[in-house]
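The values are calculated or read from the model by the stated rules, or taken from the named source; none is laboratory data. What you are looking at is a predicted structure, and each value in this text was computed from that prediction instead of being measured. For neighbour counting, all protein chains shown are included, and Cβ atoms are generated from backbone atoms with ideal geometry for every residue, glycine included.
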Amino acid sequence: MGLQTLEAYIILTIRVFLGSYCLVSGLNFFLRFFPQPMGVGVNAEFIEVIMRMHLFEFVKVVELVAGACLILNRFTPLMLIVLFPVTVQIVIYDFFTPNLFGLWTGGRNFVFHCVLFLAYFRYYTPLFDVHPRRTPAKALGSVWRNRLNWRSDDAAP
């Protein structure tokens, strides 16, 4: 097995693991098959506030959708961007938790997230263009037509 193949398997494993973790975490909020840790002290107050504001439901929906997309390898670079604020918040939350398991979980997911960012970095390089060229409005129609007709290119002649 070559080095590139090994790297591809490692990235696949990390992507599926992070996606599965997020999917299970999102589903758990709605189906309650594991107890939801509410934290102690400041963490408990934080969870209580975001639950009253209904932000917790939003976060869990983001985790659910992003987790499914990561597992299915759909919109992966976009879902990594969408999910990153949730991962950072979990790391911050776990940092103030006296439970070492929580710190390990948040830290592991943060590292996995960063590894995936590096693996998909070529998709992010246009975001750092200092002087980006805009796409003319007329060209957008052909871009969308080509994206919608992607199966016609795969058809055998």
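Odds and ends about this structure:
- Checking VAL115 against (1) more than 22 Å from TYR9 (Cα to Cα); (2) at pLDDT 85 or above, the condition it does not meet: (1)
- Helices (runs of 4 or more DSSP H) within the stretch 32-122 that include 1 or more residues within 16 Å of CYS22 (Cα to Cα): 55-72, 76-95, 100-119
- Checking each residue in the stretch 93-103 for being touching a residue at least 12 places away in the same chain (Cβ under 8 Å) and among the hydrophobic types (A, V, I, L, M, F, W, C) picks out only PHE96.
- When LEU6, LEU64 are checked against the criterion of being hydrophobic (A, V, I, L, M, F, W, C), over 26 Å from PRO98 (Cα atoms) and at pLDDT below 95, a single residue qualifies: LEU6.
- A single member of LEU6, LEU55 is more than 30 Å from ARG122 (Cβ to Cβ) and without any contact (Cβ under 8 Å) to a residue 12 or more places away in the chain, and it is LEU55.
- Failed condition for ALA139, given (1) in a helix (DSSP H, G or I); (2) buried (at least 17 other Cβ atoms within 10 Å of the Cβ); (3) modelled with pLDDT under 80: (2)
- Filter result for GLY26 (in contact (Cβ under 8 Å) with a residue 12 or more places away in the chain, crowded, with 16+ Cβ neighbours inside 10 Å and either closer than 23 Å to CYS69 by Cα or out of contact with any helix residue (DSSP H, G or I) (no Cβ under 7 Å at 6 or more places or on another chain) (or both)): yes
- Test: residue in the stretch 70-81 that is surrounded by 12 or more Cβ atoms within 10 Å (Cβ to Cβ) and in contact with an Asp or Glu (Cβ under 6 Å, 6 or more places away or on another chain): no
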